Structure formats: C-alpha cells, structure tokens
Amino acid sequence: MKLISLLICLALANSCTHTPTPQPAPEPTPTQQPEPQQLIDEFSDENIFHLGYEVRRLMKKVNYEYEDEHGNTKSSPIEVSYAVIKRNGKAVAEFDGPFFGEGNSTKFGLFDFLGDRSQQVIISTTVFRGGRHWVVSLHPEFRVLFDSADYQVGREDFYVIDLDHDGVYEISLEETAFYDMVDLMYTGEIPLPEIIFKYDAAQKKYLPANAVFPEYAMRGLSDELRGLDDERRYFSNRLRILLRYIYAGKEKEGWAFFDGAYRLADKEKMKARIRCVLNDDPLYKYLHQSK
C-alpha cells in the first residue's frame with residue numbers, strides 16, 4: 001500500500017514539474033502588397049497629339065544580320081518600326097528599339113505617371129522576350145524621364161505601381177542581364193528579377209529603388225526558401241534568391257545565402273560566372289556607384 005502511494009506521489013510530482021515542448025511562434029501575416037498594373041495592352045500605334053506635340057509610328061528598312069546553319073554571318077533587309085516625337089512639324093526626338101528577323105512592334109500611349117494630370121508619353125518597342133521602354137515628359141519641358149536601356153531591363157511588358165501611395169507611380173520591369181547565362185540554364189529557367197524604379201524629382205528621372213521598398217522587393221522570400229527542398233532547377237532557384245538580395249541592396253546577405261544553399265562542387269566556378277555577369281550589368285554598376 002505504501003509502495004502504491006509512493007508511486008502515485010512521484011507521478012503527480014513529475015506531472016507538476018513537466019515543461020511542455022516549446023511550439024514555434026506562428027509566422028506573422030504578411031502585409032498585403034499592391035499588384036503592378038500592365039500598361040502596354042492599353043496602347044496602340046495610332047498617332048498621339050498632346051500639348052502641342054505629335055507622337056508618330058514610322059517604318060524603315062534595316063539590315064538584319066544572322067548566322068546560317070553553317071555558322072556563316074549573313075544579312076537581309078527587313079522593315080522595322082520606330083517612334084518619333086514632333087513639334088511644329090519638326091522632329092524633336094526619335095526612339096529606336098530592338099528588332100529581330102521578324103521585325104518588332106512599336107506602341108505608345110499617355111499615362112499620368114507623376115500625378116500632375118499633364119500625362120506623360122510612354123513608348124515601347126518590343127520583340128520576343130525583349131523590349132525598350134521610354135517615359136517622356138512634354139510639360140513643362142521636353143525630357144526623357146526613363147529609358148530602360150540605361151539599366152538593361154525590360155521585355156514585352158511594362159508595369160506601374162504606386163508603392164508609397166503618393167500619387168506618383170513607380171515603374172516595374174524585369175532585369176534581363178542573366179540571359180548571358182543561357183549556356184547554363186534553359187531560357188525559361190533564367191531569373192528575371194523585378195526591378196522597381198522611383199521618380200526622383202530632384203534629378204527629374206526614374207532611378208532604381210528596390211532598396212527603397214525592401215518589404216515589396218523581398219516579398220514571398222520565405223516561400224522560395226522552402227521551395228529549395230525541391231532540387232529541380234537547382235542553380236536557377238538559388239541564383240534567383242541571390243539576385244533578389246543583391247538588387248534590394250543586401251548583397252552581403254545574398255552571398256551568405258548562396259554559400260550556404262549551393263552545395264555542389266562547382267560553387268566557386270558558378271560564383272565567378274555570376275560576378276562576371278554582374279560586373280557588366282549597368283543596373284549593378286549603378287547600385288555600387290550610388291552607395
């Protein structure tokens with residue numbers, strides 16, 4: 001009887017001093033981020049007349065160079081489109097974009113980027129998986145506020161988004177520098193990081209701004225990190241995350257992530273190749289020069 005009582009007391013004592021296993025804290029609910037708005041679908045190649053200016057789509061013939069099946073360089077004349085802005089019948093500026101064997105597509109339209117109701121002109125010349133985009137202000141002076149070729153960004157689409165709700169739209173385009181690594185990945189695997197450009201009123205132009213909007217630039221990162229368990233697209237998935245860090249101004253954290261997540265024997269070779277592309281990337285150069 002005494003033995004039974006002793007066992008009961010010990011059991012009760014253990015139950016009283018038992019420390020429950022700690023449970024992980026629930027992840028905070030992410031702040032709902034706005035979605036970029038596509039503009040190109042709203043534009044056409046119809047002439048625009050605005051604030052005394054005319055925006056026109058013109059055609060011209062150019063020589064298109066290509067390699068035949070034997071590796072020989074050849075050329076053939078093709079017709080391509082471009083845009084011109086005129087005032088009083090005289091050309092103020094021409095806007096030539098990319099083209100390939102099937103030509104290109106040039107469209108334009110008006111959009112109130114700056115929230116001052118004057119509306120700015122956007123011109124987009126695009127090809128398959130490529131494009132060049134301009135934003136032009138006609139008032140109070142003629143000025144090119146943005147040229148995507150300055151930073152090697154942009155494909156067929158053009159997006160805007162007002163991230164800080166100040167009535168002035170940011171521009172959202174894809175970084176295309178890593179197409180240079182097509183020998184290491186299928187084209188569809190190549191990372192195309194979203195780059196945000198914010199209007200700088202002092203400089204009167206749009207400048208890269210992922211670091212200004214880190215919460216937006218790094219959104220969804222936890223899901224991407226969990227997805228690394230699936231080793232399909234092993235290199236591209238890790239490169240994509242690295243680039244998100246770098247273009248958000250967190251390069252040190254990005255390389256620390258890559259060093260820990262990339263475990264193949266060719267790590268140093270791949271890192272050298274990535275740095276080679278970055279060193280030729282005008283967007284990356286700008287980020288370093290502006291520090």
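The values are calculated or read from the model by the stated rules, or taken from the named source; none is laboratory data. Predicted model only: the values in this text are computed from it and were never measured. For neighbour counting, all protein chains shown are included, and Cβ atoms are generated from backbone atoms with ideal geometry for every residue, glycine included. Areas reflect the complete protein model, heavy atoms only, side chains present, ligands, DNA and RNA absent. Shrake-Rupley method; radii C 1.70, N 1.55, O 1.52, S 1.80 Å.
Can you run phi through the Karplus equation (6.51, -1.76, 1.60; θ = phi - 60°) for the range 129-137 and list ³J(HN,Hα) in whole Hz, with x for Gly and Pro?
6, x, x, 10, 10, 10, 10, 10, 9
In sequence order, what are the phi-derived ³J(HN,Hα) couplings for the range 265-281 according to the Karplus relation 6.51 cos²θ - 1.76 cosθ + 1.60 with θ = phi - 60°, rounded to whole Hz, with x for glycine and proline?
5, 8, 3, 5, 5, 5, 4, 5, 5, 4, 5, 4, 5, 4, 5, 9, 8
When Rg is the radius of gyration of the Cα atoms in the range 145-254 and Rh is its Kirkwood radius, what does Rg/Rh come to? It would help to have the intermediate numbers written out before the result.
Details: Rg = 14.8 Å, Rh = 15.0 Å.
Dividing the radius of gyration by the Kirkwood radius yields 0.99.
What accessible area per residue comes out for the chain, rounded to a whole number of Å², with a 1.4 Å probe?
Values: 16880 Å² over 291 residues.
Computed with neighbouring chains in place, this is 58 Å² per residue.
Which percent of the accessible heavy-atom area of the chain goes to carbon and sulfur, probe 1.4 angstrom?
51 percent
Among the listed pairs LYS86/LYS204; LYS74/LYS107; LYS107/LYS205; LYS107/LYS285; LYS250/LYS271, give every one whose C-alpha distance is greater than 19 Å.
LYS86/LYS204; LYS74/LYS107; LYS107/LYS205; LYS107/LYS285
Which angle from 0 to 90°, rounded to the nearest 10, does the C-alpha axis of helix 2-17 make with the longest principal axis of the chain?
The angle comes out at about 20 degrees.
Provide the per-residue ³J(HN,Hα) series for the range 48-54, in order, calculated from phi with Karplus coefficients 6.51, -1.76, 1.60 and θ = phi - 60°, each as a whole number of Hz, with x at glycine and proline positions.
10, 10, 7, 6, x, 10, 10
Rounded to the nearest 500, what is the chain's calculated 222 nm mean residue ellipticity when only DSSP H runs of at least 4 contribute -39500 (n - 2.57) each, over all residues?
On the way: 7 runs with 72 residues, N = 291.
Result for the chain, helices only: -7500 deg cm²/dmol.
Calculate the dipole size of the chain relative to its Cα centre from +1 charges on Lys and Arg beta carbons and -1 charges on Asp and Glu beta carbons; express the result in debye to the nearest 20.
The dipole magnitude comes to about 700 debye.
With a 10 Å radius around each residue's Cβ, average the other Cβ atoms per peptide and rank 115-125, 159-169, highest first.
The packing order, highest mean first, is 115-125, 159-169.
Taking the Cα centroid of the range 65-114 and of the range 223-267, what is the distance between the two, rounded to the nearest whole Å?
When both Cα centres are located, 37 Å separates them.
Report, largest value first, the span of the C-alpha coordinates of the chain along each principal axis, in whole Å.
112, 55, 34
Leaving ligands, DNA and RNA out of it, rank PHE258, PHE213, PHE99 by accessible area with a 1.4 Å probe, largest first.
Correct descending sequence by accessible area is PHE99, PHE213, PHE258.
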